[in-house]
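Below: one structure, written as structure tokens.
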Amino acid sequence: MQDTGRATMLEILERQRSDYLREGEVPAAKRIDRLDRAIAVLVDHRQRLVDAMSEDFGHRSKHQSAFTDIAASIGPLKHARKRVVEWMKPERRKVDFPLNLLGAKARVEYQPLGVVGVISPWNFPVNLTFTPLAGILAAGNRCMIK
């Protein structure tokens, strides 16, 4: 396993931030594309991921890894893909007195944070990386995974 030093991680983080700022607002189509590509990684590399987990654990069932890590990760990604347009819509909020008497309107507009980190634990490494990745990508963020 390759050790990623602090300097290397900071360099990657800065590149991610720079790309995020340069890109600007991420449209729904691009968010859906990123979710589709995450699903494709799991589908296309399923066997390699299962084999790597089996080797890493030394005793873990490949069927268990395929079910708990791979299949269980695809569901949240598909759910996010289905809901991303709905989640991007602004939400109307109630305006308190006296502003409501003056015709004021309020809404919440959801905006990405930028670069979000995921630190995945050892026990279900693929699932505990890709499940939070679904929400991160759907929100228009970039992700740094450790």
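Values in this text are rule-based calculations from the coordinates and carry no lab data. All values reported here derive from a predicted model rather than from experimental measurement. All Cβ positions, glycine included, derive from the backbone under ideal geometry; neighbour counts span all protein chains shown.
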*Among (1) surrounded by 12 or more Cβ atoms within 10 Å (Cβ to Cβ); (2) in a helix (DSSP H, G or I) - the single one Leu101 does not satisfy*: (1)
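Taking the criterion of being assigned to a loop (DSSP other than H, G, I, E, B), closer than 30 Å to Glu11 by Cα and more than 14 Å from the chain's Cα centre (by Cα), would at least one residue in region 75-89 satisfy it?
So the first thing to find is which residues in region 75-89 are assigned to a loop (DSSP other than H, G, I, E, B), and the list is 89.
Subset that is closer than 30 Å to Glu11 by Cα: none.
Scanning region 75-89, I find no residue that is assigned to a loop (DSSP other than H, G, I, E, B), closer than 30 Å to Glu11 by Cα and more than 14 Å from the chain's Cα centre (by Cα), so the answer is no.
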*asked:* Condition first: surrounded by 13 or more Cβ atoms within 10 Å (Cβ to Cβ) and of a type in the set (A, V, I, L, M). Now tell me which residues in region 40-79 satisfy that.
replied: Val41, Leu42, Leu49, Val50, Ala52, Met53, Ala66, Ile70, Ala71, Ala72, Ile74, Leu77
*Please verify whether region 99-113 includes one or more residues that are under 28 Å from Met9 (Cβ atoms) and more than 18 Å from the chain's Cα centre (by Cα).*
no
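Taking the condition touching a residue at least 12 places away in the same chain (Cβ under 8 Å) and of a type in the set (A, V, I, L, M, F, W, C), does Ala40 pass? Full working, then the answer.
Values: touching a residue at least 12 places away in the same chain (Cβ under 8 Å): no; of a type in the set (A, V, I, L, M, F, W, C): yes.
Criteria not met by Ala40.
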_Consider region 34-50. How many of its residues are in contact with a helix residue (DSSP H, G or I) (Cβ under 7 Å, 6 or more places away or on another chain) and either β-branched (Val, Ile, Thr) or within 14 Å of Asp69 (Cα to Cα) (or both)?_
6
*Any residue in region 66-92 that's within 14 Å of Pro132 (Cα to Cα): show its pairings with residues that are surrounded by fewer than 17 Cβ atoms within 10 Å (Cβ to Cβ) and of a type in the set (D, E, K, R) at Cβ separation under 8 Å, as long as the two are six or more apart or on different chains.*
Arg81/Asp36
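Name the residue that is farthest from the chain's Cα centre (by Cα), counting only residues in region 16-39 that are exposed (fewer than 11 other Cβ atoms within 10 Å of the Cβ) and of a type in the set (A, V, I, L, M).
Narrowing region 16-39 to residues exposed (fewer than 11 other Cβ atoms within 10 Å of the Cβ): 21-22, 24-25, 29.
Filter once more, keeping what is of a type in the set (A, V, I, L, M): 21, 29.
Details: Leu21: 18, Ala29: 15 Å.
My answer is Leu21.
Go over the candidates Ser120, Ser65 one by one and state the one that is in a loop (DSSP other than H, G, I, E, B) and at negative phi.
On the way: Ser65 fails: in a loop (DSSP other than H, G, I, E, B).
It is Ser120.
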*Can you name the residue in region 123-144 that is small (Gly, Ala, Ser) and not in a loop (DSSP other than H, G, I, E, B) and is also farthest from the chain's Cα centre (by Cα) among such residues?*
Ala138
